[in-house]
Structures are given as structure tokens and as C-alpha cells.
1. Inside segment 63-97, can you point out the residues that are closer than 22 Å to Leu115 by Cα, at pLDDT below 95 and touching a helix residue (DSSP H, G or I) at 6+ places or on another chain (Cβ under 7 Å)?
2. Determine, yes or no, whether Gly61 is in the same structural domain as Gly118 (by TED's automatic domain parsing) and farther than 21 Å from Ala147 by Cα.
3. In segment 44-60, which residues are of a type in the set (A, V, I, L, M) and in a loop (DSSP other than H, G, I, E, B)?
4. Taking the residues in segment 95-135 that are among the hydrophobic types (A, V, I, L, M, F, W, C) and assigned to a helix (DSSP H, G or I) as candidates, determine which candidate is surrounded by the fewest Cβ atoms within 10 Å (Cβ to Cβ).
5. Which condition number does Lys117 fail, the rest of (1) more than 15 Å from Leu43 (Cα to Cα); (2) modelled with pLDDT under 95 being met?
6. Identify all residues within segment 23-43 that are assigned to a loop (DSSP other than H, G, I, E, B) and modelled with pLDDT of 85 or more; write none if there are none.
7. Suppose we filter segment 55-79 for residues that are in contact (Cβ under 8 Å) with a residue 40 or more places away in the chain, surrounded by 12 or more Cβ atoms within 10 Å (Cβ to Cβ) and of a type outside the set (Lys, Arg); how many remain?
Amino acid sequence: MNGKILGGSIVLIAAAAGIAMYWLQEYGYYHDARFTPGAEIKLTLIEGGQAEPILADNVTGIDADSSPLRFRACFHTPLTQAMLSETYAPYAGAVPLNGPSWFGCFDAAKIGEALEKGEALAFLSEAAIAPDVDRVVAVFPDGRAYAWHQLSPDVEQ
């Protein structure tokens, strides 16, 4: 009888821990990102290397204090890829990271595929937004754009 109680307790505790870990990873630490003056979507200029705000509307984003890699944003820009390419620094090796399933506007697989095919272009938003972490922006021809954080390419992985 004691073995059944002990075994049942272990199973219940493991299930509760699993549910808690899932909830914490998927929902627990996220909050809405704020895009107030000084925290707008920015791109880094080719000339001078300064990051400057760009025109962006319908901006929605998430972030978390637990890790700088949890930032994701979706928005629209009226700026064309040609104009952006002439003005702002490209980002080689852009790889969007998966976000939580409930943040539906950000599909890392589709963004990554579009980057590989050359349909979307990646730009450096801000270098070293956190230690060894860059903010990257991908822009599609129709103005859809996405931002995320990823490890800087010079960081050994």
C-alpha cells in the first residue's frame, strides 16, 4: 500500500512540475514590449553606424526580463527594401528564433525560409542590445517586418 502512495505521489509531483515548466517557458516571463520614444524600432545606418528610428506602424511585441533572446516584434513599414538596402546595414547570418505559440504574428520558420530564398532582407537593428546579443529586423517586399534578438555572429556557439 505504501508503494502505491509513494509511486502515485511521485507521478503527481512530476506532472505538476512538468505543467509548471511548460507554463513558465510558454507564458510566465513574457510581457508586452513597449515602443515608446527612445525604444522605437531602429535600424543601423551604413554610414556612421548609428541606429536611428524608422517608420513603423502596427507594432506589436513581446519581451521578457529572464533572457534578452525572448524579444519578438511584428510591424509594418512603408519603406521599400531598395531604400532600406541603400541606407541601412545588412545582417549576415540572420536566423529568427522560435517564439511562444500564442504570439501568432511571428512565424520563425516562414521568416527564416524567406530570408534563405532572398524574399526578405535582414538588417542590423542594434548591435549589442545586450551583451553578445544583436537585434535583427527582417523586411518583406510588402512592408511586413519582424524583429528579434539573436547571439552576435562573433560569439562562439
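1. Listed by number, the list holds a single entry, Leu97.
2. On the way: in the same structural domain as Gly118 (by TED's automatic domain parsing): yes; farther than 21 Å from Ala147 by Cα: no.
No: the conditions fail for Gly61.
3. Residues of segment 44-60 that are of a type in the set (A, V, I, L, M), as a first pass: 45-46, 51, 54-56, 59.
Within segment 44-60, Ile46, Ile54, Leu55, Ala56 qualify.
4. Filtering segment 95-135 for residues among the hydrophobic types (A, V, I, L, M, F, W, C) gives 95, 97, 102-103, 105-106, 108-109, 111, 114-115, 120-124, 127-130, 133.
Filter again for assigned to a helix (DSSP H, G or I), leaving 108-109, 111, 114-115.
Details: Ala108: 15, Ala109: 9, Ile111: 24, Ala114: 20, Leu115: 20.
Checked segment 95-135; the qualifying residue surrounded by the fewest Cβ atoms within 10 Å (Cβ to Cβ) is Ala109.
5. (2)
6. Narrowing segment 23-43 to residues assigned to a loop (DSSP other than H, G, I, E, B): 29, 33-41.
If the condition is that a residue be assigned to a loop (DSSP other than H, G, I, E, B) and modelled with pLDDT of 85 or more, then Ala33, Glu40, Ile41 are the ones that fit.
7. Step one: list which residues in segment 55-79 are in contact (Cβ under 8 Å) with a residue 40 or more places away in the chain, which gives 56, 60-62, 68-79.
Okay, now just the ones that are also surrounded by 12 or more Cβ atoms within 10 Å (Cβ to Cβ), so 56, 60-62, 68-77, 79.
From what is left, the residues that are of a type outside the set (Lys, Arg) are 56, 60-62, 68-69, 71, 73-77, 79.
Looking only at that region, the number is 13.
The values are calculated or read from the model by the stated rules, or taken from the named source; none is laboratory data. Nothing here was measured: the structure is a model prediction, and the numbers come from that model. Neighbour counts are summed over all protein chains in view; Cβ atoms, including those assigned to glycine, are modelled from backbone coordinates with ideal geometry.
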